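Following: one structure in structure tokens, then a few remarks.
Throughout, read-outs are computed from the coordinates displayed, never taken from laboratory work. Because the structure is predicted, anything quoted here is derived from the model rather than measured. So basically every Cβ, Gly included, is an ideal-geometry build from the backbone, and we count neighbours across all protein chains shown.
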Amino acid sequence: MKKSVALAVIATLISATSLSTTYAATSNSGTGKGSGSGSNSGVQDGSLCSSTGPKNARTSAGVELECQKGSDGKYGWHPAMGGSSGGQGGAAPKSLSDVWGKDKCSGTSTKITHGIINPSKVSYFVPMGAMLTSHITPIDHIYVYFPSNSGQAIEKPAGTYLVTSPAAGKIISVEDFAKTNGYPYADYRIVIAHSCNLYSVFVHVGKLTGAAAQIASKVGASGSWGGLIAVKAGEAIADDSEKPNFDYSLFDGTKKLKGFANLKSYAQVEQWKPWTADILSYLPKSLKSAYEDKFLATASPIGGKIDWDLSGTAQGNWFVQNTNGYRGVGDQGAAYDNHGKVARGYWDTHLAIAPDAIDRKTTIFSIGDWEGCPCQFVSKDPNVTGSTIKSSSGVTVIELTEFEFKSPTGENVDRSQPTKGYKVVSSGPVVGLLAVQVSGDGTMKVEKLPGKTSKSDFMAFSSTAKIYAH
């Protein structure tokens, strides 16, 4: 495939397959809200931008983009980044409190008594586990979406959408995205230590309120603040009415995930991942059903799942061997060339083959470097899943296609207004092949063949094939 044609295909694939309206993308901890500016909407993810122009924009589907400088010195539009990624060296933390500092927490409780938002005001929750654009592996937070108009969040009067602390604790860290990302509105990342075993992380919430309000004036030029500000259970910490929609993560230091084959892969970056928790398992009974009703998933666990590694199969998270696991190579930034839809970053070495966050019966093939693009596909043959590809299968060649959403009764689903329990189905022609072979030692050989449309186009692994490990 000629490069100019390939780039056009990639641009189409991201637009069609990123699940972008449903899951606004980020590269670390959350989703940005977007400026809502009509003059800066409809921007294409991956296209070039100006260092002196607007700092943020939206795609036509509503995904928040930021104008970021890549390691090549060029500026390009890319899904919004949010939050610290944790340490990048040294030994893996032995406890969750080691991630944020044992001096910043107290107690051992893991009890939640309140919600994070009034569920009656929520349009829907996206469960953990989404895979989209540079979020190659399943995402460790839920997305909170409020009523919108064609995917664009509608600004509401102050006090309409109050974000609340689910339990008593201390705010220990705040990042001001208006300073770090240049947003022209209030936008924060907040970390709360409820105890040394339980932490909440809110990303891209609005104006700080209540006890948290005093922090706004304390954030320095760096955009970051650290300290100890006590908050009560159920106390409002932010008003998300101006630019609605935010992300939320819960982490429980007493329960380590069992579905990751190699925890060392998360030892350098996003070190909290092994303790990711499902908020639905912690909410009091008086709230749980109201929250469950708003989640798009209908299969258990409704709150989502991120650890899908299945020994002896192709299912799970994979990283090119000897590339620092989740951290990848190089820095966390993205690099762009001048052809438009090409983005490169730490995710280049990532690969995930896992069930969709909503439709658990459909496998998403999430590829960090598909001709330079982070892309998601499904198999033309729905019977080909990560769990069916085993070490005894030999070489398996998967025909990759774009996909669309269907309601449980078969109607097309508008991605800006997703239907609870929607199905992910293959659509369009084959856009490329993925050849994989699971080895008995727990590694997997992978070769990507964009533009190849017939299994017969693959004869054998070439020198471009790579070895991946969990």
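Odds and ends about this structure:
- Dipole magnitude (debye, nearest 20) for region 252-328, charges at Cβ of Lys, Arg, Asp, Glu: 160
- Dipole size of region 96-294 about its Cα centre, with +1 on Lys/Arg Cβ and -1 on Asp/Glu Cβ: approximately 460 debye, rounded to the nearest 20.
- Each of Thr254, Phe319, Ala299 was scored by the projection of its Cα onto the charge dipole of region 249-397, and the greatest displacement toward the positive side belongs to Thr254; charges sit on the C-beta of Lys, Arg, Asp and Glu.
- A cut-off under 14 angstrom between Cβ atoms defines the neighbours of Ala211, and their net charge, with Lys, Arg +1 and Asp, Glu -1, is +2.
- Of the GluC sites (Glu not before Pro) found in region 393-445, the ones in coil according to DSSP and having at most 14 other Cβ atoms within 10 Å of their Cβ are Glu411.
- Calculated FRET efficiency, Ser311 to Phe461, Cβ-Cβ distance, R0 = 25 Å: about 0.65 to the nearest 0.05.
- Given their separation in residues at 0.36 nm each and the Cα-Cα distance between them, Ser109 and Ser50 gain 16.4 nm when the chain is fully extended.
- Listed residue pairs exceeding 21 Å between alpha carbons, taken from Lys111/Lys256; Lys273/Lys406; Lys121/Lys156; Lys380/Lys423: Lys273/Lys406
- In a simple Cβ point-charge model (Lys, Arg +1; Asp, Glu -1; nothing else charged), region 367-441 has a dipole of about 300 debye relative to its Cα centre.
- Averaging the sequence gap over all C-alpha pairs within less than 8 Å and six or more residues apart, then dividing by the number of residues, gives region 193-289 a relative contact order of 32 percent.
- Projecting the Cα atoms of Cys196, Thr133, Asn245 onto the charge dipole of region 96-294 (Cβ charges, centred on the Cα centre) puts Cys196 farthest toward the positive pole.
- In region 96-294, taking the dipole from charged Cβ atoms about the Cα centre, the farthest positive-side position among Leu208, Tyr145, Ser106 is held by Ser106.
- Modelled spin-label separation between Ser392 and Ala261, with each label point placed 7 Å from Cα along the Cα-to-Cβ direction: 1.7 nm.
- Local net charge near Thr110, Cβ-Cβ under 10 Å (Lys/Arg +1, Asp/Glu -1): +1
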